[in-house]
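Below is one structure, written out as structure tokens; the observations come after it.
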Amino acid sequence: MRFRYFSISILFILCLVQSSCSRSKRPVAKDKVPLVHVTGTVHVDEQPASGVMIRYVPLSQIAETRPQYINGFTVQSDSDGAFAFKTYAKGDGVPAGEYALLFTMFSQDKAEQIRDGEYDKLGGQYSNVQRPLKTIKVVQDEDIELGVIELKSVPKKK
């Protein structure tokens, strides 16, 4: 009798573990569109810059139209200034189309962000979609290496 309760308990625990492991916490994209890898490096004041936010805004019709994927076209440069565009997962690329590239850079220090009111160290000069620093045309099956993109910081106005 004890063995039966023990085996039922073990079976129940195994079912719970399996069901919790199989569920993904992030929604999985269904019907993914083909993507093209776009990579590059960003320098600020001639130095590789960590924490630069690169926003890429579609200027033409692209194959992916679901807002949950295209409303957040933003990546951040790593400690070497390197970045890779993403649609569904880190570095997977973007659908073919034309994009405006916008750049902002905020302090990595939370106390400094609060004190300075989220001050853009680039002074907003690279974040206007009407006048982007760079536009790119992404063609299917042609990966793009943007090379080094040079930006200049601006001192904070007092």
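The values are calculated or read from the model by the stated rules, or taken from the named source; none is laboratory data. Computed from a prediction, not measured in an experiment: that's the story for all the values here. FYI the Cβ positions are ideal-geometry reconstructions off the backbone, even for glycines, and counts take in every protein chain you see.
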**OP:** Pull up segment 50-93, narrow it to residues that are β-branched (Val, Ile, Thr) and touching a Gly at 6+ places or on another chain (Cβ under 9 Å), then point me to the one that is surrounded by the most Cβ atoms within 10 Å (Cβ to Cβ).
**Re:** Val52
Original post:
Can you name every residue in segment 73-89 that is aromatic (Phe, Trp, Tyr) and not in a loop (DSSP other than H, G, I, E, B)?
Top reply: Phe83
Original post:
Which of the residues spanning segment 35-72 are closer than 13 Å to Phe103 by Cβ and either assigned to a strand (DSSP E or B) or among the hydrophobic types (A, V, I, L, M, F, W, C) (or both)?
Top reply: Gly40, Thr41, Val42, His43, Val44, Ala49, Val52, Met53, Ile54, Arg55, Tyr56, Val57
**OP:** Could you grab me the full set of residues in segment 107-158 that are farther than 24 Å from Val36 by Cα, hydrophobic (A, V, I, L, M, F, W, C) and modelled with pLDDT of 90 or more?
**Re:** Leu122, Leu151
